[in-house]
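The values are calculated or read from the model by the stated rules, or taken from the named source; none is laboratory data. Predicted model only: the values in this text are computed from it and were never measured. With ideal geometry, Cβ positions are generated from the backbone for all residues, glycine too; neighbour counts draw on all protein chains shown. The protein model used for the area step is the full one, side chains on, heavy atoms only, and it has no ligands, DNA or RNA in it. Shrake-Rupley method; radii C 1.70, N 1.55, O 1.52, S 1.80 Å.
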Amino acid sequence: MDILSHYNYWVAIFLMMTGFYVVIASGNLVKKLIGLNVFQASVFILYISAGVVDKGVPPILKEGASILYSNPLPHVLILTAIVVGVGTTALGLALAIRIKEAYGSVEEDDIHAQEED
Amino acid sequence: MKIPASEVLLLLALIIPVVGSFFIFLCRKFPNVREGITLITGIALFANVSLIASRVFTGERPEFVLAEPFSGFTLSLAVEPLGMLFALLASFLWIITSIYAIGYMRGHGEDNQTRFYIFFACSIASVMGVAFAGDLLTLFVFYEILTLMTYPLVTHSGTAEARRSGRVYLGILISTSMVFFLLAVVWTALEVGTLAFSIGGIYPEGTEPWVLGLLLALFVFGIGKAAIMPFHRWLPAAMVAPTPVSALLHAVAVVKAGVFSILKICIYIFGASSLHNLAVAEWLSLLAGFTIIAASIVAMGKDNLKARLAYSTISQLSYVTLGALLGNSAAWTGASMHMVAHAFGKITLFFCAGAILVAHHKKNVSELDGLGRVMPFTMGAFFIGSLSIAGLPPTAGMWSKWYLVLGTVDAGELILLNVLLLSTLLNVYYLVSIPIRGFFKPLRTPVSGIKEAPLPCLIAIGVTTTITVGLFIYPEHLFQAVSGLVTTW
Amino acid sequence: MATIEQLAIFQITIPLIVAPLVFLLKNGNRAWFLTLVTSVAMMWVASQLLVHVLSVGEFVTQIGGWAAPWGIEYRVDTVNAFVLLIVSGMSSIVLMFARQSVNQEIESNKRSLFYTSWLLCLTGLLGVTITGDAFNVFVFLEISSLSSYVLIAMGRDRRALTSSFQYLVMGTIGATFILIGIGFLFIVTGTLNMADISERLSDTSQTRTVRTAFAFIIVGIGLKLAMFPLHLWLPNAYAYAPSVASAFLAATATKVALYMLLRFIYTVFGFEFSFDLPLSETLVILSSAAILVGSVVAIFQDNLKRLLAYSSVAQIGYMLLGVSLATQAGLSAALLHVFNHAVIKGGLFLVLGCFVFRFGTASLKLLSGKGTQMPWTFAAFIAGGLSLIGVPLTTGFVSKWQLVTAALDIGWWPVALVVLAGSILAIVYVWRAVEVLYFRPVSDDSQIVKEAPLELLLPTWLLIGANIYFGINTELSIGVADVAAHWLMTGTR
């Protein structure tokens, strides 16, 4: 088992770290949300790629189909997770708008500066 | 009528004052009815306690389990002679103090009298709980409730000074008990597996001496109500309260709850043999000795009469603590008797101080010159009271001091013997001198004729003074009650 | 008793269905009433479930008739029935308090939204607790989290928005960690049913994948649980949320997170697997630090809500400390404290709700000397504070007692010292609040207020009274906690 045989994991890890870094390092609330999205997407990819069966086909029932198909369960699960992710993003953006109204900025530094005084 | 079981009577001792306070609240619009209810409650409680006493002194030992929060550990009431004595003392003096309070509160025109009577009754209920506590946990709980119930009494006047004093009061009593006392209780529970008081102590043989020593120190310092130095500051602070509070609670009920707890823990949790083997017990008794002398010396410098009495109380409380720590039967007899003797002596002194305040609005010792001619009855009673505190005949204080002295001799503590004797001299100097000045020095501001305090105050003073002398002439009953205890130790 | 077992499904469906109805009502008071009725009904159902499992043990309800590992099943045993009752009970009591407080703190056009979020949050919390499916846990967790972000953001202070955002970011990371963990478990076992996972793991236990899954799940739950040092979102969130939302979340959300932790440690991964890893050592260090640091920081807070929030961080430490002992007695102490702390903190946050209702602030500086104006509220604060310290006759004492005896049973006396130190620090921060509220001179132009209305005082004192009741009569609380702990440890009644 060489290192690249599980390249899907490497992609997931790369995306995860990228997203995580953006969440932590960026002071802009909207960018934070984008980072959060990338972070979540990495997990979705992890799930979906885990369901793939070598040479499997999409699990759609039709006449004379091959018996070998990918595991549909992870895909369905991720559908739910994507919905949750969309909800989170929507709520986060709504909060960002309210914060912009209240503080006139979505930069963390500006907000902190306003709270200091 | 069928006389109820002793267990029911025990519970009644807690319930009667609480029910009384409820009725006091209902009758808040009618001062006469309200005070009548206070007196009736007091009499009912005393009758109830006497009924229990009549059974306990014939050997019955009623018990009552209130709840069992943890398996093996209960909240329970149980009676033994020492607690019985304390309950009798407190419930009897409550009646007397109530009579006195009626005269004082009206004569002094205090506000919020209903609140005063309600919390007074609740405090007495907590005192009953302390007296009848069947185990350490229950003792601790009622000890804390007592602190909380007396707090509104201490800050009764609501002035900035009262609030400040109330803060010292709560701060010291709550913090010592939460940090030291509770720790000792929990530690004991974990170490022994039970908290029930039992004769000869509960710590098993072979408990590490350092553990026992540490626990004893935690108990003695944790029970801040016993006012051993350096945790004594709350008592002078509490003197901002109306005089009846100072008289009953801070000369009798609260402070005695403190020394009573120490005495009870020494007798029923440690037991004589453990105490004898503990170096810490000796150090602590020396600290008590130091408190006796130091408090007396501070008292000398106090011109405010109630402050002087407060420091005298601190000094006297350490007599009991000292007796408890010595751990021999003479000392324990002396300590138990001193609880009673000091109660009557000191309450007389406080009553007199209050009477002087009500009749002449004088608070300071230096203003009392010649007052004996204006208030001969009050000053006469003050004289008897101070003799009792000093431990001189013809007063009850002599007997208790006698046994304490015997106790120090038995324990071979010559230093403490000298402390007790020196303390007598100091007492004569700073207490007995007051009535002497009152009678023999000329009046500062001439007052024509005799002007005593209201009659209820005088009745109360008369009763306590008579008993102080009576206990000198007829000490047998008290001694028997206490020695009934001693044989069981 | 098939009927009672079918009730389990109602724990989720009813609040979920009622939530949009509440939104349609528009009128705040009617929305409140419907929410309250729903919540009380859920409490009744939960109590029926608890009584039922106490007599027959575990039971399973399959959703839509799909048999388990494929379908989702709800699995009720003593442990989660206990938590269900705590969650729905606290929700109901806090809701009794909510009407007037919400009317004052939240604009009229947002009130029905508030109650809608409340019901969704309740659905999520109950769902996490009742479900037997690992992925379902994630979904319900997110339902409760998203709605709690909304609840928090409705606070009057604009800092409520930033706190909610901060919580959203950290909460989403936590939930995603849990999702990763569940994903790994799925990869290893090919199933999402907790009981099934547990069975299949027992063959393949000690692989690196399973250990990784374990780590992800523990850290993810730790974020939700505000386990030290992952607690940073909690103080702000509790401080700026509307008063009733603070009370509700403080009493339920972290409790459900702790339940999740126990469920994964004991049921999914199994006791032996979990404690073969250095879980016990990690937890004991983190929870001791939580107790000490949380309490010390609490001492220096000016805002009373923040003070209680930091105290919550410390109190969560006590629960984790119980878990870290890895004995049945320790576990029982942890479960007991879940209940007791819900009662203590719920009560205290309601007390603050009363203060905020009258004075419009929870800042100690502004409340200086004002305690005297609201004697009953202030008395409730003292009683609750005593319980927080752990004075006998209060639930706080019962919890600490059980914890210390459990620790000494296995000779972990330093744990006893930590508990002692925590209590002493609690004396300091409670006393400081009492001191400022009562003994300091009144600060500003002395606005004179009346005592809080009965509608607020009653639920407050109900919880404070429960504190004392369960401090004396522990038969019920310790009894159920013992049974539940036994169940988790051994899987038998």
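Summary table
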item: 222 nm mean residue ellipticity, helices alone, for chain C (DSSP H n ≥ 4; -39,500 (n - 2.57); rounded to 500); result: -26000 deg cm²/dmol
item: Residue-level accessible surface for C:Arg159, protein heavy atoms, 1.4 Å, Å²; result: 80
item: Kirkwood Rh in Å, taken over all unlike Cα pairs in region C:370-454; result: 14.7
item: Label-point separation, B:Ala47 to B:Asp410 (7 Å along Cα→Cβ), nm; result: 3.9
item: Protection proxy ranking of C:398-407, A:95-104, C:343-352 - average other beta-carbon atoms within 10 Å, highest first; result: C:343-352, C:398-407, A:95-104
item: For residues of B:173-185, the mean tally of beta carbons on other chains within 10 Å; result: 3
item: Nearest-ten-degree value, helix B:254-264 long axis tilted from longest Cα axis of chain B; result: 30
item: Principal-axis tilt of helix C:328-359 within chain C, Cα atoms, nearest 10 degrees; result: 30
item: Other-chain or far-sequence residues with amide H under 5 Å of B:Ala133's (modelled H); result: B:Ala78
item: Region B:1-271 - accessible surface per residue (Å², probe 1.4 Å); result: 32
item: Overall Cα dimensions of region C:341-411, principal axis frame, Å, largest first; result: 49, 20, 16
item: Total accessible area lost when A and C pair, probe 1.4 Å, Å² to nearest 100; result: 2800
item: Mean separation of Cα contacts under 8 Å, 6 or more apart, over the residue count of region B:142-210: relative contact order %; result: 20
item: Solvent-accessible area buried by B and C, counting both chains, probe 1.4 angstrom, square angstrom; result: 2000
item: Counting DSSP beta bridges with both ends in the protein assembly as shown, the antiparallel % (nearest 5); result: 95
item: Per residue, the convex hull volume that the Cα atoms of the protein assembly as shown enclose (Å³); result: 192
item: Rounded percent of accessible protein surface that carbon and sulfur make up, the protein assembly as shown, 1.4 Å probe; result: 67
item: For region A:2-117: accessible area per residue (Å², 1.4 Å); result: 61
item: Protein-only accessible surface order, largest first, of B:Val252, C:Val442 at 1.4 Å; result: C:Val442, B:Val252
item: Average accessible surface area per residue within region C:413-493, 1.4 Å rolling probe, Å²; result: 47
item: Environment charge at B:Lys225 (Cβ cut-off 14 Å; Lys +1, Arg +1, Asp -1, Glu -1); result: +2
item: Ranked order, C:Thr207, B:Thr155, C:Thr490 - accessible area, probe 1.4 Å, largest first; result: C:Thr490, C:Thr207, B:Thr155
item: Computed helical MRE - 222 nm, chain B, DSSP H runs ≥ 4 contributing -39500 (n - 2.57), nearest 500; result: -23500 deg cm²/dmol
item: C:Phe138 accessible area, 1.4 Å probe, all protein chains in place, Å² to nearest 10; result: 10
item: Reference-scaled alpha-carbon Rg (2.2 N^0.38 Å with N residues) for region B:1-271; result: 1.01
item: Most to least accessible of C:Ile221, C:Ile468, B:Ile43 (protein chains only, probe 1.4 Å); result: B:Ile43, C:Ile468, C:Ile221
item: Probe 1.4 Å - accessible area at C:Phe273, Å² to nearest ten; result: 10
item: Distance violations [Cα-Cα > 30 Å] among A:Lys31/C:Lys224; B:Lys306/B:Lys401; B:Lys302/B:Lys401; B:Lys362/B:Lys401; result: B:Lys362/B:Lys401
item: Relative intensity, log₁₀ I(q)/I(0), of chain B from a Debye sum that treats every alpha carbon as a point, q = 0.09 Å⁻¹; result: -0.55
item: Using distinct alpha-carbon pairs, which all enter the 1/r mean, Kirkwood radius of region C:100-141 in Å; result: 11.6
item: Rounded tilt (10° steps) of C:375-389 against the dominant C-alpha axis of chain C; result: 40
item: B:Glu476 paired with C:Ala421, simple spin-label distance in nm, labels 7 Å along Cα-to-beta-carbon; result: 6.2
